[in-house]
Amino acid sequence: MQAKVSELSTMYWRKGELIWDDYMRHSEYLLTPESEYVLYWFRAWRELDSIAVHGNKYLGITAQLLKNGLLIVKQSSEEAHEEKVKSAWEIWGNAASSFHFASRVNSNNVFLSLDENVIKKKEKILGSPQPPPFKEYLDCDLIPILECDEPLLQSCTLLQALENRKSVRQFSDESLSLSKLGKILTLSGGIKKIENDLAGGVAIFKNSPSAGACSPFEIYVYANRVDTLSPGLYHYAPHRNGLEFLDSSFSFNLHNLGGQPWLVECAALILFTAIIERSQWHYETCRAYRDLLIGLGHLSQTLQLVVSAIGCASVFATAVCDEEIEQLIGLNGGEILLGTTAIGNPLKQ
Ligand SMILES: Cc1cc2nc3c(=O)[nH]c(=O)nc-3n(C[C@H](O)[C@H](O)[C@H](O)COP(=O)(O)O)c2cc1C
C-alpha cells in the first residue's frame, strides 16, 4: 500500500511549535521532529512500510499520521477528494482554499442555542470589555453634517434608485455639495439605534445589516471637490454627526488607487475600513472575516443606492493598493481597508 502526505493542509509555527493545520477537518496537530520527518519521507507516493528503514518506532508514527489524515493512501476516496479540491482551487493558490475551508461550517459543528449564546456572551462581557463601537479623533476639527433638502431624494423610489444605479467612471468637474455628501454618509453609515442586546453588549443598528450588530466599519472620505470642505482626508463620525478633518496635506497618487483615474478624479473618494477587534469580540473563529466582506457588500450597496437616489454617480472599487492606502491613513494592522467608492456629479447629457 502506498501513502503520501495530504496536501489539503498548511503548516505554521506557533510559540516555537510546528503546527499541522488540517483546514478541511478543522484539526490541528503539533508535529514532533520525528513526525515531521515521516511527513517529509512521504512527500511523494511511497510504500507504507518503507519508513521501517529508519526504525520500528517510525512505523507507529506513520500509522498515527495515517489515522489522522496527515497521510493518505493511493487510490483511496481521500485521494480522489483531494485531487478534486486541488484542481478546483489551484488557480487561487493555497491561501484562498485554506481560508475557505477553514471558515466553512462542517457537518459536525455544534450550534449553540439562543440561551447558550446569551450565557456565553455574558461570560465574555465579564471577561473582556467590548471594544468601543466608534472611532473618534477628538483633537481634529469637526465639520458638522448639514441637513440636505435635495428634492430628488424625497421623490425617488427604491425601484428607481435600483434601476438608476450603475458604475460610473467619469464625473463632471462640478463640486459635490457637503449636504449631499452628508446625506450619503448618514443614510449609509449613520446610526439608527443603539441598544443593549440580550446579554448586555452594545448593538449598533444602521441601514445595512452587520453580523452581530457589531458595526465593525469605519468610513473615511478623501474630499477632492466638496463645496465648503478644504481638500484633504476626513473621518466620518456618525455618533458626532460630523466629519473629523484629519489631514489637509493628504492626496492619493494613481498607484495608490490601482491606476484607476476615476478614483483620483472623483469629487469624493469613500474609503471603507473595518476594525477587526469589534468582530473578534463577538466571533472568535476566522469565519467572521467572511462576515466582514459580506457586511461591506451590504454597506457599499446601500451607499450606492443613496448616491443613485440623490442624483449623483459612483463606482465601487477594490482593485487598489491596500497597503499604501492603509499607511497613508495611518492604520495599524487591526484596522484594515476593505474597499473604496468614488462619488461625483454625473456628466451632463
Ligand atoms: C467587489 C467589487 C469590486 C469592484 N472593483 C472595481 C474596481 O476596482 N474598479 C472599477 O472600476 N470597478 C469595480 N467594480 C465595479 C464593477 O466593475 C461593476 O459593478 C460591474 O462592471 C457591473 O457594472 P454595474 O455596477 O454598472 O452594474 C467592483 C465591483 C465589486 C462588486
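Structural remarks
- Matching strands (runs of 3 or more DSSP E) fully within the range 1-120 where at least 3 residues are charged (D, E, K, R): 17-22
- Count - residues of the range 139-181 that are away from the ligand (no atom under 16 Å from the Cβ), in contact (Cβ under 8 Å) with a residue 24 or more places away in the chain and more than 25 Å from the chain's Cα centre (by Cα): 24
Rundown of residues vs (1) open to solvent by 100 Å² or more (accessible area, probe 1.4 Å); (2) over 30 Å from VAL38 (Cα atoms), yes/no style:
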{"residue": "ASN56", "(1), (2)": "yes, no"}
{"residue": "VAL110", "(1), (2)": "yes, yes"}
{"residue": "ASP115", "(1), (2)": "yes, yes"}
{"residue": "CYS140", "(1), (2)": "no, yes"}
{"residue": "LEU153", "(1), (2)": "no, yes"}
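- Hits in the range 311-320 - residues which are more than 11 Å from the ligand (Cβ to nearest atom) and surrounded by fewer than 23 Cβ atoms within 10 Å (Cβ to Cβ): GLY311
- As a summary of the residue check, PHE245 satisfies the conditions (1) in contact with a helix residue (DSSP H, G or I) (Cβ under 7 Å, 6 or more places away or on another chain); (2) over 30 Å from SER98 (Cβ atoms) except for the one numbered (1).
- Which numbered condition TRP89 misses (of (1) touching a His at 6+ places or on another chain (Cβ under 8 Å); (2) free of Cβ contacts under 8 Å to residues at least 40 places away in the same chain; (3) open to solvent by 70 Å² or more (accessible area, probe 1.4 Å)): (3)
- Check on ILE325, within 19 Å of the chain's Cα centre (by Cα) and open to solvent by less than 30 Å² (accessible area, probe 1.4 Å): yes
- The listed residue being more than 16 Å from the ligand (Cβ to nearest atom), open to solvent by 40 Å² or more (accessible area, probe 1.4 Å) and more than 20 Å from ASP291 (Cα to Cα), out of ASN207, ASN196: ASN196
- Count - residues of the range 244-279 that are more than 15 Å from the ligand (Cβ to nearest atom) and at pLDDT 95 or above: 12
- Those residues of the range 136-165 which are in a loop (DSSP other than H, G, I, E, B) and of a type in the set (D, E, K, R), in sequence order: GLU136, ASP139, ASP141, GLU147, ASP149, GLU150, ARG165
- GLN304 fulfils the conditions (1) under 22 Å from the mean Cα position of the chain (by Cα); (2) within 19 Å of ASP322 (Cβ to Cβ); (3) within 16 Å of the ligand (Cβ to nearest atom); (4) open to solvent by less than 50 Å² (accessible area, probe 1.4 Å) except for a single criterion, (2).
The values are calculated or read from the model by the stated rules, or taken from the named source; none is laboratory data. What you see is a predicted model; the values in this text were computed from it and never measured. Neighbour counts are summed over all protein chains in view; Cβ atoms, including those assigned to glycine, are modelled from backbone coordinates with ideal geometry. Remember, those area values only see protein heavy atoms, side chains included, never the ligands or the DNA or RNA. Shrake-Rupley method; radii C 1.70, N 1.55, O 1.52, S 1.80 Å.
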